[in-house]
Each structure stands twice: as C-alpha cells, then as structure tokens.
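First the structure, in the form of structure tokens, and then the observations on it.
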Amino acid sequence: QVYLVESGGGLVQAGGSLRLSCAASGINFKIYTMNWHRQAPGKQRELVATITSSGSTNLADDVKGRFSVSRDNARNRVFLQMNSLKPEDTAVYYCQTHHRGSDFWGRGTQVTVSS
C-alpha cells in the first residue's frame, strides 16, 4: 500500500512563507513523479507543482516565481516551498502520485493566508 502524509500547513500573513512536506511509504520513492495539488473553498482542485524522478520541475503559472518544489529521495520526502504567500493561496494542499495503475493522495494540509 502507498501512503502519503502531508505536514507543514498553518496560518500566515500575506507575504509570509511556509514549507510543506509530504512523507511517502510503500513505493520505491525515487523513481516516481510527485505532484502537489490544492483545493480552495468552493473551487476545483488545481495542480500546483510537479517534480519528476530526475528532478525536473513544473509549476502552475499563478505560483511560478513564488513556489518551488524539491525532493529528498534518501528520506522519501517531497517539499513545496511557498514564498510571498497571497490570500488566494489559501487552500488544502495535497501530495499525489501515480503507482501501478492507481492514483494515491495524502489527506491534505490546510494553508491559510490572511490579508
């Protein structure tokens, strides 16, 4: 079984920073692409960031230049560094991967950015 557990969310003021972490188990982590998604209240889930097994990254246009994604394969962790946070970044953030024909999701961590 694949398990993903997010942590690091919280309440911050606009302009502040948070680093989210996702711990993975049940997979050979280093060979899998990992993704971060978010879902704001009343809105659809949005893909925010992707990092491949080789370390190639992609970021959504609305977070590019403010967020970065990285991974620590020795610790089976993927991170989302969020800087210059805006109120519109408020959402539940989820990590996700695709493994042997199925999608796997963490439970999510709440990020709230106040104005």
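The values are calculated or read from the model by the stated rules, or taken from the named source; none is laboratory data. None of the values given here were measured: they were computed from a predicted structure. Counting neighbours? That spans all protein chains shown, and the Cβs are built from the backbone with ideal geometry, glycine included. Surface areas here come from the heavy atoms of the whole protein model, side chains and all, with no ligands, DNA or RNA. Shrake-Rupley method; radii C 1.70, N 1.55, O 1.52, S 1.80 Å.
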Practice item. Please state, as a whole number in µm²/s, the translational diffusion coefficient that the Stokes-Einstein equation yields for the chain at 37 °C and 0.692 mPa s, with Rh defined as the Kirkwood radius across alpha carbon pairs. Key: 234
Check your understanding: What is the spin-label model distance, in nm, from LEU47 to LEU11 if the labels are put 7 Å beyond Cα along the C-beta direction?
Key -> 3.4
**Study point:** Using a Förster distance of 25 Å, the FRET efficiency for ALA60-ARG100 (Cβ separation, nearest 0.05)
**Key:** 0.40
**Study point:** Burial order of peptide ranges 22-32, 98-108 (average beta-carbon count within 10 Å, highest first)
**Key:** 22-32, 98-108
Check your understanding: FRET efficiency for ILE31 and GLN1, Cβ-Cβ distance as r, R0 = 25 Å, nearest 0.05?
Key -> 0.90
Revision key, fill the gap. Which residues qualify? For LYS86, with a placed amide H closer than 5 Å and at least 5 residues away or on another chain, they are GLY15
Exercise for review: Whenever you get a sec, compute what percent of the accessible area on the chain sits on carbon and sulfur atoms (1.4 Å probe).
Suggested key: 45
